[in-house]
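The values are calculated or read from the model by the stated rules, or taken from the named source; none is laboratory data. It should be emphasised that the depicted structure is a prediction, and the values quoted were computed from it without experimental measurement. Every residue, glycine among them, receives a Cβ derived from its backbone with ideal geometry; neighbour counts consider all protein chains shown.
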């Protein structure tokens, strides 16, 4: 990940900003398209990034999404300042959700966000502190069996 | 089945994406839950939904969906139409229910999108 040839960019995500929610993920998707990454990998990265971005918009005050691309891997880190997650195991369970009515009305908060992120990435880690925030890290192998 | 034929079958009004009416649609997804739309990411190029906010269009953009039918007579907002034009996604509306719309399309040979193993998502 410290390769000189690596491409790196950081995107700011604003909590509660449903108008622009998803813009950063779409920009990352477009960068991957421009580089010529395999379409199947692009779809997986875009979905994971978008779910993570929506989580920041829905549950945190602000967040940063960092993407690092090198010849072997795509690395994504989404870190937020927000309420954090009390029980990560429960949050990972498909269908479990703490979403508000407003989020559900927008079509989110179905309890599939974190499971979708895990499912689409090759390596996934999550750390969270209640009252402070959450950090997700995802790795997508470019030359692996899923590529 | 072309999008134009789908438009006729569901008695749709087209809001934008007239240039997409000749696209051949083989499979579709139907949901009001955007994470489910993303979970069933695959070859489906059409989404049927009762939600009309801009997140639906962003979700379609991420999932590679090129046309949306808003069912139950839901009308898209100006913002939704504008974003659709920007993302190159067609918008159609139908007064039919989700159930009826899906039934008609299924009877006409449109398939659903099922979850596949991780490497074929």
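Here are some notes:
- The listed residue being free of Cβ contacts under 8 Å to residues at least 40 places away in the same chain, surrounded by 20 or more Cβ atoms within 10 Å (Cβ to Cβ) and either in contact with a helix residue (DSSP H, G or I) (Cβ under 9 Å, 6 or more places away or on another chain) or farther than 20 Å from residue A:13 by Cβ (or both), out of A:91, A:110: A:110
- Odd one out for residue A:25, checked against (1) within 14 Å of chain B (Cβ to nearest Cβ); (2) buried (at least 22 other Cβ atoms within 10 Å of the Cβ); (3) more than 17 Å from residue B:60 (Cβ to Cβ): (3)
- Hits in segment B:1-35 - residues which are without any contact (Cβ under 8 Å) to a residue 12 or more places away in the chain and surrounded by 16 or more Cβ atoms within 10 Å (Cβ to Cβ): B:33, B:35
- The set of residues from segment B:57-69 being within 23 Å of residue B:8 (Cβ to Cβ) and either touching a helix residue (DSSP H, G or I) at 6+ places or on another chain (Cβ under 7 Å) or surrounded by 24 or more Cβ atoms within 10 Å (Cβ to Cβ) (or both) comprises B:60, B:66, B:67, B:68, B:69.
- Boolean, residue B:74 is more than 9 Å from chain A (Cβ to nearest Cβ), over 23 Å from residue A:51 (Cα atoms) and at pLDDT below 95: yes
- As a summary of the residue check, residue B:39 satisfies the conditions (1) buried (at least 19 other Cβ atoms within 10 Å of the Cβ); (2) under 13 Å from the mean Cα position of the chain (by Cα) except for the one numbered (2).
- Residue check for residue B:115: closer than 22 Å to residue A:18 by Cα, within 11 Å of chain A (Cβ to nearest Cβ) and modelled with pLDDT under 95: no
- Residue in segment A:41-51 that is surrounded by 14 or more Cβ atoms within 10 Å (Cβ to Cβ) and away from every other protein chain (no Cβ under 11 Å) present: no
- Checklist (1) modelled with pLDDT of 95 or more; (2) buried (at least 17 other Cβ atoms within 10 Å of the Cβ) applied to residue A:82, failing item: (1)
- Residues that are in contact (Cβ under 8 Å) with a residue 12 or more places away in the chain and either within 14 Å of residue A:126 (Cβ to Cβ) or assigned to a helix (DSSP H, G or I) (or both), drawn from segment A:61-88: A:63, A:76, A:77, A:78, A:79, A:80, A:82, A:84, A:85, A:86, A:88
- The single condition among (1) assigned to a loop (DSSP other than H, G, I, E, B); (2) within 13 Å of chain B (Cβ to nearest Cβ); (3) surrounded by fewer than 17 Cβ atoms within 10 Å (Cβ to Cβ) that residue A:98 does not satisfy is (2).
- Among the candidates A:118, A:135, the residue that is under 16 Å from the mean Cα position of the chain (by Cα) and assigned to a strand (DSSP E or B) is uniquely A:135.
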